[in-house]
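**Student:** Sharing a structure below in structure tokens format, with a few things to ask.
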Amino acid sequence: MSEVAGELARVRRAFEQPTLTLLHQRQAPVVIAVFRSAFGRDNKPIPTARLHAQVEDHLAQLRLAGETELPAGSGRDICQRWMRGQWLVRALDDAGQEVYTLTSHAQQALELVKTLSRDRATLSEHRIATILNTVRRFNSEANPDRSARVAILNAEIARLGAERDRLVDGAEMDAPSEDYMLEGFTELQLLISALPSDFARVEERFAEIRAGILASFRSEDRPAGEVIDAYLARADSLMTATPEGRAFEGAFALLRDDAMVAQLRDDLGALLDHPVSDGLLADGDRAELRGTVRLIRDGLDRVLSQRSRVTSTLKDYIVAHDAVRDRELEQTLRQIESEVMGWMATTGPRASVDLPLLPARVDVEHFRERFHDPADDVAPTRLVDTPASVDAPPSLATVLAQGGPSISVLRQRLDEALASLDPAASLGEVFESLEPALRRPVEIFGLLHLAADRELPAETVLERYRALRPDGSQRTFAVPRVPLDDPDLTARTEEPR
């Protein structure tokens with residue numbers, strides 16, 4: 001086969017994929033518009049009846065707008081055709097309700113159209129810098145030469161250290177141009193927009209595994225243990241041998257790191273709060289970028305839910321499968337086969353025997369009965385009357401003193417301490433400055449909760465908290481120190497110039 005013939009075969013196989021069959025048909029703009037209006041960016045599952053009504057409503061609006069190339073039929077018939085085209089998939093959600101979701105092929109088509117509808121990115125300084133940084137980081141992680149890798153890291157450390165020192169010393173910050181910011185936002189949107197289809201691809205792989213497991217169980221052509229071993233092997237290979245599985249495992253490992261997720265959220269917030277971002281991004285683009293973490297978490301949840309459904313299928317079969325009954329049935333069939341073989345040995349080929357289709361009824365003349373026993377209806381022993389307690393009920397102040405931390409009051413005190421002219425250096429100093437009623441041991445947990453909510457880092461050194469219990473006794477607790485400012489930055493800004 002010549003080179004061009006082989007290339008033509010590969011192109012034809014690509015055109016047979018559901019993504020290109022969707023884009024290649026005459027009604028593709030209408031179908032893409034309906035998908036984007038109904039499912040949005042997050043590909044949220046939609047109940048079947050609701051999607052049928054939405055499809056009919058969207059097509060009616062397009063018909064009023066003068067569009068003629070529209071799919072024919074009811075919303076249900078159109079969704080059925082889209083399912084046969086592998087653009088929609090119908091499944092059960094966690095509540096047992098039938099829902100529609102877009103397949104990875106349909107999401108790829110939507111992202112391709114969305115990319116083409118944006119302004120095309122051109123060659124720019126930002127793109128070249130991104131390529132250089134990616135190649136540099138890739139080389140630093142994959143270079144087999146130890147000295148070369150150390151040299152790359154040393155150069156990067158020196159560059160970052162010099163830039164940090166320059167900023168701490170008060171040097172002027174170079175503001176990026178609008179073209180640079182626009183190019184960066186465009187590349188970021190392109191990277192994020194590919195995530196939903198990637199997650200859907202992994203989810204579809206697990207759905208295929210589940211369908212194969214159910215088919216194997218129903219056919220009973222293989223032992224259950226062999227089916228389970230095959231599932232475990234396929235699940236392992238899906239996570240290690242396929243690009244989708246490796247990507248999912250990498251994303252799942254990253255999102256298990258709470259610090260990295262918080263850093264991603266903070267970085268996106270800082271970029272969107274940039275002074276020039278309002279003029280470069282539409283409200284929809286800003287909302288999409290802000291929902292990046294939620295988008296990734298939703299994709300992971302759907303994949304994990306699909307994997308849990310596969311595991312649940314195996315569990316239900318193992319729990320409901322009665323091995324004793326199967327053995328009894330097998331023994332009965334073997335006994336019948338033995339009797340048939342013995343009967344065939346003593347009869348001719350045209351012999352017959354009359355067998356009833358159903359077993360005869362068993363007539364039982366007497367059933368076992370149980371008569372009333374008066375001893376079963378003996379009343380319980382009466383309770384001993386005890387005198388009412390003469391102690392007075394506790395007061396409201398006593399009940400509140402035994403309760404949880406005073407979060408609202410602690411938040412106000414922490415804000416006042418941070419906004420004062422002489423702010424506290426650590427969370428322990430804030431606790432020491434509180435009145436005795438707010439220095440209970442439980443209030444320490446309240447302050448630590450507020451510090452975690454503000455993402456204040458804790459140090460390894462310990463700090464003493466002297467707490468006062470409601471009965472007047474004191475107790476000292478050793479808690480990791482939580483600083484309230486950057487001592488390095490404060491020290492550099494206070495140096496004489």
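**Student:** Among (1) aliphatic (A, V, I, L, M); (2) in contact with a strand residue (DSSP E or B) (Cβ under 8 Å, 6 or more places away or on another chain); (3) under 24 Å from ASP285 (Cα atoms), there is one condition LEU51 misses while meeting the rest; what is its number?
**Tutor:** (3)
**Student:** Can you tell me which residue among LEU64, LEU88, LEU59 is over 24 Å from ILE296 (Cα atoms), in contact with a Leu (Cβ under 8 Å, 6 or more places away or on another chain) and not assigned by TED's automatic domain parsing to the domain that holds ASP198? Steps first, answer last, please.
**Tutor:** Values: LEU64 fails: in contact with a Leu (Cβ under 8 Å, 6 or more places away or on another chain); LEU88 fails: over 24 Å from ILE296 (Cα atoms).
Going through LEU64, LEU88, LEU59 in turn, the sole match is LEU59.
**Student:** Same structure, new question: What single numbered condition from (1) farther than 25 Å from ASP285 by Cβ; (2) modelled with pLDDT under 85 fails to hold for ASN133?
**Tutor:** Every condition holds for ASN133 apart from (1).
**Student:** For the stretch 25-47, does any single residue satisfy the condition of being surrounded by fewer than 17 Cβ atoms within 10 Å (Cβ to Cβ), of a type in the set (S, T, N, Q), assigned to a loop (DSSP other than H, G, I, E, B) and outside the structural domain of ARG201 (by TED's automatic domain parsing)?
**Tutor:** yes
**Student:** State all residues of the stretch 257-306 that are free of Cβ contacts under 8 Å to residues at least 40 places away in the same chain and of a type in the set (A, V, I, L, M); if no residue qualifies, say none.
**Tutor:** Within the stretch 257-306, ALA259, MET260, VAL261, LEU264, LEU268, ALA270, LEU272, ALA282, ALA287, VAL293, LEU304 qualify.
**Student:** Write out, first by first residue and then by second, each pair whose Cβ atoms fall under 7 Å of each other, whose residues are 6+ apart or on separate chains, and whose first residue, in the stretch 92-121, is at pLDDT 75 or above while the second is polar (S, T, N, Q) and not in a helix (DSSP H, G or I).
**Tutor:** What qualifies is THR101/ASN43; LEU102/ASN43; THR103/GLN86; HIS105/GLN17; HIS105/GLN86; GLN107/ASN43.
**Student:** Conditions: (1) at pLDDT 75 or above; (2) under 29 Å from ASP301 (Cα atoms). ALA162 meets all but one. Number of the miss?
**Tutor:** It fails just one condition, (2).
**Student:** Hey, another quick one. Quick one: in the stretch 399-446, of everything that is of a type in the set (Ser, Thr, Tyr) and surrounded by fewer than 15 Cβ atoms within 10 Å (Cβ to Cβ), which residue is modelled with the lowest pLDDT?
**Tutor:** Taking the stretch 399-446 and keeping what is of a type in the set (Ser, Thr, Tyr), we get 406, 408, 420, 426, 433.
Then keep just the ones that are surrounded by fewer than 15 Cβ atoms within 10 Å (Cβ to Cβ); that gives 408, 420, 433.
Details: SER408: 89, SER420: 76, SER433: 87.
Ranking the candidates gives SER420 first.
**Student:** Look through the stretch 276-294, keep the residues that are small (Gly, Ala, Ser) and more than 18 Å from GLU178 (Cβ to Cβ), and return whichever of them is modelled with the lowest pLDDT. Please lay out each step first, then the result.
**Tutor:** Here is the first cut: in the stretch 276-294, the residues small (Gly, Ala, Ser) are 277, 279, 282, 284, 287, 291.
Right, trim to more than 18 Å from GLU178 (Cβ to Cβ) and you get 284, 287, 291.
On the way: GLY284: 76, ALA287: 81, GLY291: 80.
Among those residues, the one meeting the criterion is GLY284.
**Student:** While we're on this one: So GLU494 ticks every box in (1) modelled with pLDDT under 85; (2) within 30 Å of PRO394 (Cβ to Cβ) but one. Which box is left unticked?
**Tutor:** (2)
**Student:** Surrounded by 10 or more Cβ atoms within 10 Å (Cβ to Cβ) and at pLDDT below 75: which single residue out of THR313, THR386 fits that description?
**Tutor:** Details: THR386 fails: surrounded by 10 or more Cβ atoms within 10 Å (Cβ to Cβ).
After applying the criteria, what remains is THR313.
The values are calculated or read from the model by the stated rules, or taken from the named source; none is laboratory data. Nothing here was measured: the structure is a model prediction, and the numbers come from that model. Quick reminder, even Gly has a Cβ in these numbers, built from the backbone with ideal geometry, and neighbours come from all protein chains shown.
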